[in-house]
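Presented below is the structure to which this report refers.
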Amino acid sequence: MKRISIVKNFKIWITISIVFIVLGMWSFAEHHRLSIEFTGGIDTTITGQHNIDEEKLEWILANFEADVTVVSDGIDTELLIVPKKLWDSKPVEVWDVAYNYLLQEKHIVWDENIKSTSFIWPSIWEYMKGAAVTAIIWGVALMGIYILIVFVGVREYFSPWIFSLVTVVTLMHDVIIAAWGYGVLMMFDSMTMIDSVFVMAILTVLGYSINDTIVIFDRLRENIIKYHEKIKKGTKKLSEVFDESLYQTMRRSIGTSVSTFVVVASMWFIGTEVLKEFSFVIMIGIVAGTYSSIFIAAPMAYRINKGLQKKEKKQ
């Protein structure tokens with residue numbers, strides 16, 4: 001049975017990815033909700049379901065210019081208050097006014113109905129946002145540098161810059177699609193928000209995704225060196241070397257991904273709510289990472305190299 005050329009059908013694979021990337025960006029942008037870890041504010045969990053009027057509470061907190069969000073999972077009610085004014089100096093005042101409303105109009109008592117209340121100061125959420133963005137950017141950048149260093153030995157045959165660039169592109173591809181998965185969760189679960197769990201899941205996806213890509217690129221490096229003379233003489237096409245390398249590593253990549261997926265899926269089925277959110281993003285990331293490693297990374301590297309060679313010939 002004749003094998004399908006993965007490299008020559010790159011347009012098909014990249015089209016599929018673009019569709020999911022667009023869906024992912026739309027889903028995430030449309031349904032994203034930041035937890036108070038990234039906005040600052042007051043997060044109160046109240047036992048039972050309560051019909052708290054968001055607009056009325058915002059009117060009561062008008063002096064603090066507060067945004068109020070009420071979400072419920074059918075068991076508890078979560079009240080999020082994000083004040084924009086006087087937050088630095090008088091956060092307790094905001095809670096005192098809000099609690100007075102809860103007590104007088106909803107008969108919600110501190111010791112009986114309120115499970116927990118968290119205060120996040122501006123200095124904390126500014127640090128959290130900065131740390132999250134920095135971690136993701138440095139994670140991607142360092143992985144690109146790592147690939148550049150590892151594959152510097154093959155520069156005589158193939159530019160290590162191409163491998164490094166493609167690695168960064170595929171990592172961002174996997175992150176966007178994993179974020180799409182989180183966007184789907186937020187679409188159907190009002191209690192799911194972007195928080196530190198999401199950031200940890202994205203960093204885990206980055207670490208896992210690069211594993212398959214390195215294995216495939218490493219086999220590709222070995223085969224380019226092995227067939228270098230034949231490639232120069234024209235008796236073996238570079239596209240054939242790429243396809244051969246992909247098929248040699250495909251079974252291992254898919255097998256590893258499936259076994260990991262099964263373990264993470266079991267975490268999703270039996271885990272707590274936080275673990276479910278974490279494992280769901282990882283599951284989406286595993287699928288995206290396996291797909292991009294096989295169908296995007298190597299074919300894209302081949303196309304970029306081919307384009308550079310054509311440009312050099314014209315010059």
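The values are calculated or read from the model by the stated rules, or taken from the named source; none is laboratory data. Just so it is clear, the structure is predicted and the values come from calculations on it, not from any experiment. Backbone-built Cβ (ideal geometry, glycine too); neighbour counts: all protein chains shown.
Residues that are more than 23 Å from T15 (Cα to Cα) and aliphatic (A, V, I, L, M): does the range 241-257 have at least one? Yes, there is a match, as at least one residue in the range 241-257 is more than 23 Å from T15 (Cα to Cα) and aliphatic (A, V, I, L, M). Among the residues of the range 268-283, the one identified as closer than 26 Å to S164 by Cβ and at pLDDT below 90 is V281.
Which residues, taken from the range 255-280, are surrounded by 15 or more Cβ atoms within 10 Å (Cβ to Cβ) and among the polar types (S, T, N, Q)? Across the range 255-280, the qualifying residues are T256, S257, T260, S279.
To keep it simple, each residue is scored yes or no on (1) of a type outside the set (V, I, T); (2) at pLDDT below 80.
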| site | (1), (2) |
| --- | --- |
| A132 | yes, yes |
| I136 | no, yes |
| V140 | no, yes |
| I149 | no, no |
| F158 | yes, yes |
| W161 | yes, no |
| S164 | yes, no |
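As for the range 298-306, it holds at least one residue that is in a helix (DSSP H, G or I) and modelled with pLDDT under 85. Quick check: anything in the range 282-289 at negative phi and in contact with a Leu (Cβ under 8 Å, 6 or more places away or on another chain)? Looking for residues that are at negative phi and in contact with a Leu (Cβ under 8 Å, 6 or more places away or on another chain), one finds none in the range 282-289, hence no.
Selection of the range 113-130 for residues being at pLDDT 75 or above and either loosely packed, with under 13 Cβ neighbours inside 10 Å or small (G, A, S) (or both) yields K115, S116, S118.
Assessment of the range 235-252 against the conditions (of a type outside the set (S, T, Y) and in a loop (DSSP other than H, G, I, E, B)) yields at least one matching residue. The single condition from (1) crowded, with 18+ Cβ neighbours inside 10 Å; (2) in contact (Cβ under 8 Å) with a residue 60 or more places away in the chain; (3) not hydrophobic (A, V, I, L, M, F, W, C) that Y247 fails is (1).
Number of residues in the range 217-227 that are in contact (Cβ under 8 Å) with a residue 60 or more places away in the chain and surrounded by 18 or more Cβ atoms within 10 Å (Cβ to Cβ) equals 4.
Condition check: surrounded by fewer than 20 Cβ atoms within 10 Å (Cβ to Cβ), part of a helix (DSSP H, G or I) and without any contact (Cβ under 8 Å) to a residue 12 or more places away in the chain. Does K230 satisfy that? Taking the combined requirement at face value, the residue satisfies it. Of all residues in the range 98-107, none are within 27 Å of I282 (Cβ to Cβ) and either surrounded by fewer than 16 Cβ atoms within 10 Å (Cβ to Cβ) or at pLDDT 75 or above (or both). Every condition in (1) in contact (Cβ under 8 Å) with a residue 40 or more places away in the chain; (2) surrounded by fewer than 20 Cβ atoms within 10 Å (Cβ to Cβ); (3) aromatic (F, W, Y); (4) in a helix (DSSP H, G or I) is met by Y157 except one, and the failing one is (4).
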